[in-house]
Amino acid sequence: MDKNARKVRDQDINPCIEESDASQKCLNAFNYDKSMCSDYFVKYKNCRKYWHNIMLQRRREGVRPDMPTAAERQELLGAIGGKPY
């Protein structure tokens, strides 16, 4: 796997792997008919937007790393009662 592909599949870097996989699986199931998978695309988009805002907030506050690790994200989601997206 090349460097970019590993980066996309790294749970510490990409918080939306689950949503990405679900949308890809839907596309495969419906022979790439995008109209059948719009709910999955919306969930992925909302996931990316949510974690992007978290990343920007941490950057402004000087917290490193910018993106919380997978373990930190699980704690954050547990504290708010699940995924807000």
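For the chain, what % of the accessible area comes from carbon and sulfur atoms, probe 1.4 Å? For the chain, the apolar C and S fraction of the accessible surface comes to 51 percent. The HN-Hα couplings worked out from phi for segment 47-53 by the Karplus form 6.51 cos²θ - 1.76 cosθ + 1.60 (θ = phi - 60°) are 4, 4, 5, 4, 6, 5, 5 Hz, whole numbers, x standing for Gly and Pro. Take the cross-link list Lys49/Lys83; Lys3/Lys25; Lys3/Lys49 and give me the ones stretching past 20 Å between alpha-carbons. Over 20 Å Cα-Cα: Lys3/Lys25; Lys3/Lys49.
Computed from Cα positions, the angle between helix 17-29 and the longest principal axis of the chain comes to roughly 0 degrees.
Only one residue of Trp51, Leu77, Cys26 has its Cα farthest out toward the positive end of the dipole of the chain, where Lys and Arg carry +1 and Asp and Glu -1 on Cβ, and that residue is Trp51. For the pair segment 1-20 / segment 43-85, the C-alpha centres are spaced 15 Å from each other. For Val42 and Gln74, a Förster radius of 35 Å and the Cβ-Cβ distance give a FRET efficiency of 0.95, rounded to the nearest 0.05.
Can you tell me the order of 44-57, 3-16 when each peptide is scored by its average per-residue count of other Cβ atoms within 10 angstrom, highest first?
Going by the mean number of other Cβ atoms within 10 Å, highest first, we get 44-57, 3-16.
Per residue, the chain exposes 74 Å² of accessible surface when a 1.4 Å probe is rolled over the protein heavy atoms with every protein chain present.
The values are calculated or read from the model by the stated rules, or taken from the named source; none is laboratory data. Remember, it's a predicted structure, so these values are computed and weren't measured experimentally. Because the Cβ atoms are built from the backbone with ideal geometry, glycine has one as well, and the counts that use them run over all protein chains shown. All accessible areas refer to the heavy atoms of the entire protein, side chains included, with ligands and DNA or RNA removed. Shrake-Rupley method; radii C 1.70, N 1.55, O 1.52, S 1.80 Å.
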